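The values are calculated or read from the model by the stated rules, or taken from the named source; none is laboratory data. These numbers were taken from a predicted model, which means no experiment stands behind them. With ideal geometry, Cβ positions are generated from the backbone for all residues, glycine too; neighbour counts draw on all protein chains shown.
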Amino acid sequence: MKITLSAIKADVGSVGGHNRPSKRLTQAIIDHVENEGKKKGLLIDYKVFTTGDDNFILMSHTRGVDNPDIHKLAWDSFVQGTAIAKEQGLYGAGQDLLKDAFSGNVRGMGPSSAEIEFEERPSEPFILFMCDKTDPGVFNLPLFRGFADPFHNAGLLLAPEMQVGFEFTIMDVNYTEADKVIKLNVPAEAYDLAVLLRDPEHYVIESIKANSTGDQACSVSTSRLHNIAGKYTGKDDPVAIVRSQKQFPSTGEILSPLAAAHYVVGDNRGSHNVALMPCKLGSIISYFDGPAIITAAGICIHNGVMTEEVDLFDQPFWDFVRNKAAEKTFAIREQGYFGNAMAPMEELEYTGVMESLKRLDKKFVLRKK
Ligand code: F6R
Ligand code: MG
Ligand code: MG
């Protein structure tokens, strides 16, 4: 059976700062998806999660990717959530709804989406990754290591289905006129792939396909809010769907690169480098409006119906990683805004530094020799 999984997310307001949507807000989203999506037969199934200040709607259906009715359902749910956010005086009410009226697809309108259409395998396990206070390039390192680096994932050597490698589709997210993409095949083009992926604010993994079967393994939301709005409106806080097992890396092989707690751009005012912390589902944002967090739900889907989710970072091993992430974040925070602690100039989400530089530049004098 051909099924589409659509994950669409937005921040439309939260409690106590940019911390977590209120329960009423998230319930308003659930009610809309239930009444207008599931009860009306548009969806087979759905789940709603929060991570930090973002709401993530995961939907299963048979309408394919980029379907206007599915995207409108998500958009309208966020509009309902915004109404509650305004009623409760939540912070940042409606912040990711950048356009007044919906027009066909959430892309370019503020919310982000990751979608895959596939023929269901007899058992179809997948992971929904949800992030807050960071951007889509956050997935470059773990997906490269999981799908292309045998030193990390010995399954690439051990499993014949994976020995033939994968095809990565990479997007140049700084090009805003159209979708600018390149396809690279590993292992043959692994070095070219690494050249691009090492710059996660510019080149972002959009999807990966298994060479063995042609099946799509994953889909990552690639939209960048500051490219859409032309100014700071919040961080992109991406979502990804990754299918696992058999012709794909195992769930553990996909999770394990996240034990590196790698440094990513985001955190406070979207403008710092901090270590990505793997957290439990529904975790909030706290220290320094951060840290950048990732949560993971493990799910099986059959005839479009989803099982309950397993909270993949709710296991003692990840407590150790969380401590390590906190230590790595403290280590870089010790130098405040100096040098690498702050994001590169073009990533600074607030305009203050750039405006000060322009003002100060006029005051510089050229000293005569
Ligand atoms: C980062 C984030 C926060 C805000 C900060 C200031 O993505 O959401 O760090 O940037 O709390 O928020 P405003 O500008 O809304 O006062
Ligand atoms: Mg926010
Ligand atoms: Mg957020």
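Taking region 12-64 on its own, how many of its residues are of a type in the set (Asp, Glu), more than 14 Å from ligand 2 (Cβ to nearest atom) and touching a Ser or Thr at 6+ places or on another chain (Cβ under 6 Å)? So the count comes out to 1. Scan region 230-276 for residues that are of a type in the set (A, V, I, L, M) and either touching a His at 6+ places or on another chain (Cβ under 8 Å) or assigned by TED's automatic domain parsing to the domain that holds PHE56 (or both) and jot them down. Answer for region 230-276, where residues must be of a type in the set (A, V, I, L, M) and either touching a His at 6+ places or on another chain (Cβ under 8 Å) or assigned by TED's automatic domain parsing to the domain that holds PHE56 (or both): VAL265, ALA275, LEU276.
Looking only at region 118-140, decide whether some residue is in contact with a Gly (Cβ under 6 Å, 6 or more places away or on another chain), over 20 Å from TYR263 (Cβ atoms) and buried (at least 21 other Cβ atoms within 10 Å of the Cβ). No, that holds for no residue.
The lone criterion from (1) over 26 Å from GLY304 (Cβ atoms); (2) at pLDDT below 95; (3) of a type in the set (Phe, Trp, Tyr) left unmet by PHE102 is number (1).
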